[in-house]
Structures are given as C-alpha cells and as structure tokens.
Amino acid sequence: SIVFRNHTMKLAPRSIIRLIFISHFLANTMISASLWVPFYIDVMGWSLETMFQVQMIFQAFLIILEVPSGYFADKFGRNRMVGVAAFAYSIGTFLYSQATSIPAVILSELFLAIASSLLTGAGEALLVDNMYKFGFSETERQNELSLYNSVIGMAYGISAPIGSLLVNFFTIRQIMMIGSLTYLTSFVVTLIIGKTQGEKINRELKLNKFFI
C-alpha cells in the first residue's frame, strides 16, 4: 500500500528496490546504440573522420565531467543525480533526433556526457544505500546486487537489438525520439523514488564512499 503523509510516499522496502531497478534499467537502455554510424554517415552525410572527431569531443566532455559528478551525487543525493542523468539523456537524445549540423550534434553530445558521468556509480551506490537503510542482510545485499548488475546488462543487451529491428519500421530520427521517451520515463520513476524519502539517505549514511 501507499501512504501519503506530508507529501511523502511510503512504500515497502522491496518495492523501493524494484523501482530503483526499473528506473536504472530504463536509464541504461541504448536503443540507438547500433544506429550511430548509419546516423552519422547516411543521415548527416559525414565522413568517418568527422564522426571520430565529434566522438573525441564527447570523450573530452566525459573526462572533464567525471570528477564533479561524484561531488554532486554526494551533495544533492544519488537518486536526484540518476534523475538528472535520465533527464539529460532524454534531452540529449531528442536533440540528436533533430540535429542537422555539427554544433547541434556537439550540444547533444554534451547532454549525453553529463548523463553518462552522473550515472556512473551513482545507481549501484543508491541501491546499496537503500539496502543498508532497510536492514538487508549481507546475503540479501549480494543477491540484489547480482540481480541489479544482470538487469543493467540486460538493458543494453535487449535495447540495442530492438533498435536494429525498429529501423525496419521507423526512421533513425524517430527511433532516437523513442529512446528519448524511454529516458523520460526513467526520470519520472526517480521522482517517485524521491518521494519515498530516498533523498535523505546520502545525508544519513556514509557507507559507500567506495563507489563514488
């Protein structure tokens, strides 16, 4: 059952853990993963050299953003950062679907880099924080972590082939928009998790410095 009290939603611990699974599964989908090269070559009309140059810029964004991402996760809460990551993925993917120039693609890459840097480590650390808070045993924590890692692996393993199949029914730009909606759904789920007092966890527990 769900109880609302002072705008707080209370769920059973297992329900919160499953919401984390759902949110992070959606945030880690890569429905456009197998379509980037066709997008650059066929849709944008770029050469391989231009494609690699833009990807180098993306890698530079990742390196620059990697350090502050951990700070923001500790300061503002890991669930919030996962939510921001999902929202940034949604914006970046949508911008990609509309991009017609190199500057527009680079702007899209910036949002994707922000999302990727924020999501790294924060998801698993949020899960561990919640399990400590709810008093999960060591065996339960290990089992949930194993399941979590399998779910995250499945997110990519399932979504990439689906994207390849969808190209038979939609344009690459349309498939990117579908991906954007997937990330937006993840963002909505993080809002629900935030209503379960999950945002307080990082200030109450200092157990997972190993992760971030």
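The values are calculated or read from the model by the stated rules, or taken from the named source; none is laboratory data. From a predicted model like this one, the values you see are computed outputs, not experimental measurements. Here the Cβ positions follow ideal geometry from the backbone for every residue, glycine too, while neighbour counts run over all protein chains shown. Just the protein is used for accessible areas: all its heavy atoms, side chains included, with ligands, DNA and RNA removed. Shrake-Rupley method; radii C 1.70, N 1.55, O 1.52, S 1.80 Å.
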Inset, instruction - State in Å² the accessible area per residue of the stretch 67-190; use a 1.4 Å probe, count heavy atoms of protein chains only, and round to the nearest integer. - result: 45 Å²
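What is the calculated FRET efficiency for PHE58 to SER15, with r their C-beta to C-beta distance and R₀ = 41 Å, to the nearest 0.05?
After rounding, the FRET efficiency stands at 0.65.
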Inset, instruction - Working from Cα positions, state the angle (0 to 90°, nearest 10) between the long axis of helix 172-194 and the longest principal axis of the chain. - result: 10 degrees
Inset, instruction - Could you sort 151-160, 136-145, 84-93, 25-34 so that the peptide with the highest average Cβ count within 10 Å comes first and the rest follow in order? - result: 84-93, 25-34, 151-160, 136-145
Legend entry - C-alpha long axis of helix 122-133 to longest principal axis of the chain, angle in °: 10 degrees
Inset, instruction - Could you point to the label whose value was computed as Cα Rg over 2.2 N^0.38 Å for the structure here, given [x] 1.29; [y] 0.96; [z] 1.08? - result: [z]
Legend entry - Rounded FRET efficiency, nearest 0.05, which uses the C-beta distance separating SER164 from SER101 and R0 of 35 Å: 0.85
Legend entry - Tilt relative to the chain, helix 102-119 - C-alpha long axis, 0 to 90 degrees, to 10: 20 degrees
Legend entry - Spin-label model distance (nm) - ASP42 vs ARG141, 7 Å beyond Cα toward Cβ: 4.8 nm
Inset, instruction - List the relative contact order of the chain as a percent without decimals, with contacts defined as Cα pairs under 8 Å and 6+ residues apart. - result: 41 percent
